[in-house]
Amino acid sequence: MSSPETLCSVVMPLYNKAPYVAMAVASVLAQTHANLELIVVDDGSSDDGPEQVRAIADPRVRLEAQANAGVSAARNHAIALARGEWVFFLDGDDWHHPQYLARQMATAARHPDVEVIATTYRHVPTAQFIGLAWDLPAEGRIERVVDLPTRWRAGNCFITGSVGVRRRLLDRMQPCFPPGESHGEDMDLWFRLNEHSAVALLDLPLLAYRVEAVGSLAAVHARSIDLPPFLTRMEARALGGQAPAHLRASMLRYVNESRVTMARMAISQGRRRDAVQLLADAWRSAQGRRWWMTSVMALAWPADTVERWETRRQRRTMNF
């Protein structure tokens, strides 16, 4: 049973975040749940971010260094050093509410069988990070997420900085984040964790996620019909029977819904032949209204109209 005495480990990868890292570290040290350690792994920064961390005179802060190997390797390194019962994540430019760990521990106490806990979050522009604070209600609704792929299709419900995992489960899954990957590496872990445990999701925004000006979301998608590696692996686990039986259908549907999203991005970039191929690949389990609508888009809609449509949809899904 988790309690106020439970040691919590917060792991932070650091790479060229000098303008922000002091505030991120301060948010951890300001937690009302004070029994914590902060493990910062410098991934070969070329700025003075590591020196700023080193100058913080608090025995709970530990700075380690590694040659640049990417965010996944930095997080895995920090997890291997963690001593806490629970491991939490924070990037070097984000911010934890002072009650973040205390509220997470309360969730863990109410759901002792769960090994993954999470909270909601807020997108906050950089200009609003000064004097960051907000009040919280005494209680928040806790949703028990058994089928994360289905839940995720309704909208992003948490991100890396709002997740906690029992260290014993992470230890069994090392390397937790796929080495060398920096796109979808967090999603890879969350979906794999859900194959072992439900997620207790507290509906309180306890993380400030730093965002710059939001432009076209379509612009960040690669011009490819290849699935991101985490989706390829998810599909393989579902088709190969390695995933739990109750999740296989929803995992395949999530992968194929992702293909439909990629098809819309392809249309917006003028790659209609690629869009048709993606829709054909998604036919197996994504034959709903969205699949058919995207087929119409591929045949008749102007590219710029599809881009505006999909950008608005993704902003709603991502809580912008």
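Ignoring ligands, DNA and RNA, please state the percent of accessible area on the chain from carbon and sulfur, probe 1.4 Å.
Roughly 55 percent of what the probe reaches on the chain is carbon or sulfur.
Put a dot 7 Å past each Cα toward the Cβ at ALA138 and ARG60; how far apart are the dots in nm?
That separation, rounded to one decimal, is 2.6 nm.
Cα centroid distance between segment 65-108 and segment 117-166, in Å?
15 Å
Could you give the nm distance between label points at ASP47 and ARG284, where each point is 7 Å from its Cα heading toward the beta carbon?
4.3 nm
Using r as the Cβ-Cβ distance of MET293 and LEU7, and R0 as 45 Å, what FRET efficiency do you calculate, to the nearest 0.05?
0.35
Out of all DSSP beta bridges with both ends in the chain, state the antiparallel percent to the nearest 5.
Counting only bridges with both partners in the chain, antiparallel ones make up about 30 percent.
With +1 on each Lys and Arg Cβ and -1 on each Asp and Glu Cβ, and nothing else charged, work out how big the dipole of segment 230-314 is about its Cα centre, in Debye to the nearest 20.
My answer is approximately 140 debye.
Okay, helix-only estimate at 222 nm for the chain: each DSSP H run of n ≥ 4 adds -39500 (n - 2.57), divide by all residues, round to 500 deg cm²/dmol; what do you get?
Per the formula, -12500 deg cm²/dmol.
How many nm is it between the label spots at ASP203 and ARG308, if each spot is 7 Å from the Cα in line with the beta carbon?
That separation, rounded to one decimal, is 3.3 nm.
For a quick protection proxy, order the peptides 46-58, 142-154 by their average other-Cβ count within 10 Å, most packed first.
Taking the mean over residues of other Cβ atoms within 10 Å, the ranking is 142-154, 46-58.
Quick one: net charge around VAL71, please, counting Lys, Arg +1 and Asp, Glu -1 for every other residue with C-beta under 11 Å from its C-beta.
-4
The values are calculated or read from the model by the stated rules, or taken from the named source; none is laboratory data. None of the values given here were measured: they were computed from a predicted structure. When we count neighbours, we look across all protein chains shown, and the Cβ atoms used for this are built from the backbone with ideal geometry, even at glycine. Ligands, DNA and RNA are stripped out before the accessible areas are found, and what is left, the full protein with its side chains, is counted by its heavy atoms. Shrake-Rupley method; radii C 1.70, N 1.55, O 1.52, S 1.80 Å.
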